[in-house]
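Chemist: Here it is, the structure, as structure tokens.
The values are calculated or read from the model by the stated rules, or taken from the named source; none is laboratory data. What you are looking at is a predicted structure, and each value in this text was computed from that prediction instead of being measured. All Cβ positions, glycine included, derive from the backbone under ideal geometry; neighbour counts span all protein chains shown.
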Amino acid sequence: MKTKMRSAVLYGKEDVRIEAVEVPSPGEGEVLIRIESAATCGTDLKVFHRGGHARMLRPPTLFGHEFSGVIEAVGEGTNFKVGQRVACHNSAPCRECFYCNRAQYSLCENLLFLNGAFAEFIKVPEPIVALNLHLLPDHLPFDEACLMEPLSCVVHGVERTPMIVGDKVVVIGDGAIGQMFVWLLSMRGMEVIHIGSHSHRLETGRSFGASQSLNYRETEHLVDKIRRILNSGRGADVVIECTGKPQVWEAALQMSRPGGKVNLFGGCPRDTKFSVSTETIHYNEVALSGVFHTTPQYVKQALELLSAHSGKLRPLLSCELPLSELHRAFELMDDRKAFKVSIRNE
Ligand SMILES: [Zn+2]
Ligand SMILES: [Zn+2]
């Protein structure tokens, strides 16, 4: 068994180095996974540019959180076995706090996050092994299995937004998360109108089922236009915001019809605010909800979706690069040339 492994270490703003670090050994209830595939995510890109994350990561730190692989070693007291193919989620709730007792797991006061996917091996702590580590069906490739984490957040977002078949749903955002919303909502029988800023990405949205797409850079009076074309001038039944910009949150609210629902899914930078007219909420009865992260039940559902529709979300894995070219992966994402990059070990 190897004692050293190659791993990406984040030292600060845009300073990530591939280094030899100790291979961790699994304790009670833990497992060690040999990583077969890891995927970059918008959160990683933010962390890379900012040099950390207030709650999740303080440099120097291992990072990367979407991964799949093969069990390399197990600690005592787990049912997992060496050699099993698995996908692992990046967090677990504590099952003990005020919110966990109310089944509001995404609000868990002790939510445990796991980072270190851009490496040869990763040790998974007991709460994640117990709740969010899953065996992969044979036909599901490792790289697609990495989509379990982001897709589980999207499933959470959909389940928490009441809607009925045929509803006209506006999805704002053409990154990987926006695309997954387009895909899942279309599959569930909604009429999806997709808004983004890159025509090649909006094309992907149409291939995922969007019935119409609008490039906001090329559309004047976008909010008015959306209202005009939906429900005879009333606006959208549901709006899902996936960009995380306060001004887009405001636009999302303005696109809703009276009685509509707005899911503010994209997390905005800290200490930001947005404004909404009192009329929108009171007289127009627009319902607002914020939805954060995910919970174990949606992680399971996400893996079931990936298994049942293997290959369908592959366009979101834009290319594959070796660990040594992680920098390049972030460049491709910055330039909007990649939704996600699959990182493999050499
Ligand atoms: Zn992610
Ligand atoms: Zn908790």
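Chemist: As an exercise: evaluate PRO59 against (1) closer than 21 Å to GLU320 by Cα; (2) away from ligand 2 (no atom under 16 Å from the Cβ) and give the number of the one condition it does not meet.
Modeler: Condition (1) is where PRO59 drops out.
Chemist: Name the residue, out of GLY260, GLY267, that is more than 19 Å from VAL154 (Cβ to Cβ), of a type in the set (Gly, Ala, Ser) and outside the structural domain of ALA308 (by TED's automatic domain parsing).
Modeler: Working: GLY267 fails: more than 19 Å from VAL154 (Cβ to Cβ).
The conditions single out GLY260.
Chemist: Out of (1) within 22 Å of ILE193 (Cα to Cα); (2) touching a helix residue (DSSP H, G or I) at 6+ places or on another chain (Cβ under 8 Å); (3) charged (D, E, K, R), what's the single condition that is false for GLU346?
Modeler: Unmet condition: (1).
Chemist: Step by step: first the residues of region 16-44, then only those that are more than 16 Å from ligand 1 (Cβ to nearest atom) and in a loop (DSSP other than H, G, I, E, B), then the one that is farthest from ALA117 (Cα to Cα). Which residue is that? Steps first, please.
Modeler: Restricting attention to region 16-44, the residues satisfying the condition of being more than 16 Å from ligand 1 (Cβ to nearest atom) are 16-34, 36.
Going one step further and asking which of them are in a loop (DSSP other than H, G, I, E, B), we end up with 23-30.
Values: VAL23: 13, PRO24: 13, SER25: 16, PRO26: 16, GLY27: 19, GLU28: 21, GLY29: 19, GLU30: 16 Å.
Selected residue: GLU28.
Chemist: Additional query: Taking PHE142 as the residue in question, decide whether it is crowded, with 23+ Cβ neighbours inside 10 Å, assigned by TED's automatic domain parsing to the domain that holds SER324 and touching an Asp or Glu at 6+ places or on another chain (Cβ under 8 Å).
Modeler: Values: crowded, with 23+ Cβ neighbours inside 10 Å: no; assigned by TED's automatic domain parsing to the domain that holds SER324: yes; touching an Asp or Glu at 6+ places or on another chain (Cβ under 8 Å): yes.
It is false that PHE142 is crowded, with 23+ Cβ neighbours inside 10 Å, assigned by TED's automatic domain parsing to the domain that holds SER324 and touching an Asp or Glu at 6+ places or on another chain (Cβ under 8 Å).
Chemist: Right, something else. Of the residues VAL239, VAL262, which is among the β-branched types (Val, Ile, Thr), assigned to a strand (DSSP E or B), on the phi < 0 side of the Ramachandran plot and in contact with a Lys or Arg (Cβ under 8 Å, 6 or more places away or on another chain)? Give the derivation first.
Modeler: Details: VAL262 fails: in contact with a Lys or Arg (Cβ under 8 Å, 6 or more places away or on another chain).
One residue alone meets the criteria, VAL239.
Chemist: What number goes with the only condition from (1) under 26 Å from CYS108 (Cβ atoms); (2) in contact with an Asp or Glu (Cβ under 6 Å, 6 or more places away or on another chain) that PRO24 does not pass?
Modeler: Here PRO24 clears every test but (2).
Chemist: Answer with yes or no whether GLY157 is without any contact (Cβ under 8 Å) to a residue 40 or more places away in the chain, closer than 22 Å to LEU303 by Cα and surrounded by 15 or more Cβ atoms within 10 Å (Cβ to Cβ). Let's see the steps before the verdict.
Modeler: Details: without any contact (Cβ under 8 Å) to a residue 40 or more places away in the chain: no; closer than 22 Å to LEU303 by Cα: yes; surrounded by 15 or more Cβ atoms within 10 Å (Cβ to Cβ): yes.
Here the answer is no, as GLY157 does not meet what is asked.
Chemist: Enumerate the pairs (first residue in region 88-113 and free of Cβ contacts under 8 Å to residues at least 40 places away in the same chain; second residue anywhere and within 16 Å of ligand 1 (Cβ to nearest atom) and assigned to a strand (DSSP E or B)) with beta-carbon separation below 8 Å, excluding pairs fewer than 6 apart on the same chain, so at least 6 apart or on different chains.
Modeler: Listed pairs, sorted by first residue: CYS94/LEU112; LEU112/SER91; LEU112/ALA92.
Chemist: A further question follows. If you go through region 301-346 one residue at a time, how many are in a loop (DSSP other than H, G, I, E, B), acidic (Asp, Glu) and under 13 Å from MET148 (Cβ atoms)? Walk me through how you get there before you give the answer.
Modeler: Taking region 301-346 as the starting set, the residues that turn out to be in a loop (DSSP other than H, G, I, E, B) are 309-313, 335-339, 345-346.
Pick out the ones that are also acidic (Asp, Glu) and you get 335, 346.
Then keep just the ones that are under 13 Å from MET148 (Cβ atoms); that gives none.
The number of residues fulfilling the criteria is 0.
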